[in-house]
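**Q** Supplied in structure tokens, the structure appears directly below.
Just so it is clear, none of the values below were taken in a lab; they were calculated from the coordinates. Just so you know, these numbers come straight off a predicted model, no measurement behind them. For neighbour counting, all protein chains shown are included, and Cβ atoms are generated from backbone atoms with ideal geometry for every residue, glycine included.
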Amino acid sequence: MKYKWLNRKYNEKLIVFFNGWGMDESVVKHLKPEDYDVIMFYDYNSLDCNIDLVNYKEKYLVAWSMGVMTATLFDFGYKSKTAVNGTLKPVDNEFGIPVKVYDLTLKHLNPEKFMQNMFLPGEKIPEINRDFENQKNELAALKTYKANGNFRYERVIISSSDKIIPVKNQIRYWGINANLESGHCPFYKFSFWSELL
């Protein structure tokens, strides 16, 4: 697992962002940090992570897509936790991406088509700077990980037009209705990181 500081001004408050599969900072680089430092975790080919975040007075989690499950394996002691378009069972016929769909995606991987499906018509699709083989290996690795079932999110965002993780499966998992008019990648609907907390 890799990490990258998106804002590091040594503020007292830190937002920890667990990104989705195959992504980099392009999907969130427009979000303004205000008085928060922001660190992004991504590239889940392995779960090795050596970083110390103890110097922050308050830590807030924002996890998106596959990051919703992955974040449960790294509890840095959050004041609040937000899940965005993901579940703790992201590869699951009832609560995530159906297994057959996931396997076919892996077999016939087309990152460009995947990116198109993440956004609503007319939205700008950012360019992701990730190696194809790296993305493919990450997708295979993610299927083998299991969430920490004791992990609890306080806030859940479900987009009504999510084409990646079926909306009905997210609703079934969380027990709430869709609450945002957006596609799988909803970050253009926000201007500040704090809006996601």
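**Q** What is the set of long-range amide H partners of residue 6 at a cut-off below 5 Å, with H atoms built 1.01 Å from backbone N?
**A** Those qualifying (amide H under 5 Å, at least 5 residues apart or on another chain) are 38, 39, 40.
**Q** Can you sort 105, 87, 82 by how many other beta carbons sit within 10 Å, fewest first?
**A** Details: 105 17, 87 25, 82 21.
The most exposed by this proxy come first: 105, 82, 87.
**Q** Shifting gears a bit: Classify the stretch 1-53 as rounded, prolate or oblate from the Cα gyration tensor: take a ≥ b ≥ c as the square roots of its eigenvalues, call it rounded if a/c is under 1.5, otherwise prolate when a/b beats b/c and oblate if not. Display every interim value, and only then the final one.
**A** Working: a/c = 3.05, a/b = 1.35, b/c = 2.26.
In terms of gyration-tensor shape, oblate.
**Q** Right, something else. HN-Hα J couplings of the stretch 172-189 from phi, Karplus 6.51/-1.76/1.60, θ = phi - 60°, integer Hz, Gly and Pro as x?
**A** Per-residue couplings from phi come out as 5, 5, 8, x, 10, 7, 4, 10, 8, 7, 6, x, 4, 9, x, 6, 5, 7 Hz.
**Q** Let me ask another. Pick from 59, 143, 29: which residue has the top mean-square fluctuation in a GNM of the chain where Cα pairs under 10 Å get a spring?
**A** 29
**Q** Let me have the 222 nm mean residue ellipticity of the chain computed from DSSP H runs of 4+ only, each contributing -39500 (n - 2.57), with the sum over all residues rounded to the nearest 500.
**A** Details: 5 runs with 41 residues, N = 197.
Estimated from H runs of four or more residues: -5500 deg cm²/dmol.
**Q** Right, here's the next one. List the pairs from 9/136; 59/168; 59/136; 81/124; 143/168; 2/168 whose alpha-carbon separation is above 24 Å, in the order I gave them. Provide the component values of the computation, followed by the final result.
**A** Working: 9/136 34 Å; 59/168 31 Å; 59/136 31 Å; 81/124 28 Å; 143/168 20 Å; 2/168 31 Å.
Where the Cα-Cα span goes over 24 Å, the pairs concerned are 9/136; 59/168; 59/136; 81/124; 2/168.
**Q** Residue by residue through the stretch 54-68, which ³J(HN,Hα) values in whole Hz follow from phi under the Karplus form 6.51 cos²θ - 1.76 cosθ + 1.60 (θ = phi - 60°), with glycine and proline marked x?
**A** Running phi through 6.51 cos²θ - 1.76 cosθ + 1.60 with θ = phi - 60° gives 6, 7, 9, 5, 9, 10, 10, 9, 10, 10, 10, 6, 5, x, 4 Hz.
**Q** Additional query: Under the rule of at least 5 residues apart or a separate chain, name every residue whose amide H is placed under 5 Å from the amide H of residue 11.
**A** Sorted by chain and number, the residues that satisfy this are 37.
**Q** OK, next. Taking the Cα atoms of the stretch 2-196, report the difference between the largest and smallest coordinate on each principal axis, in whole Å and largest first.
**A** 44, 35, 33
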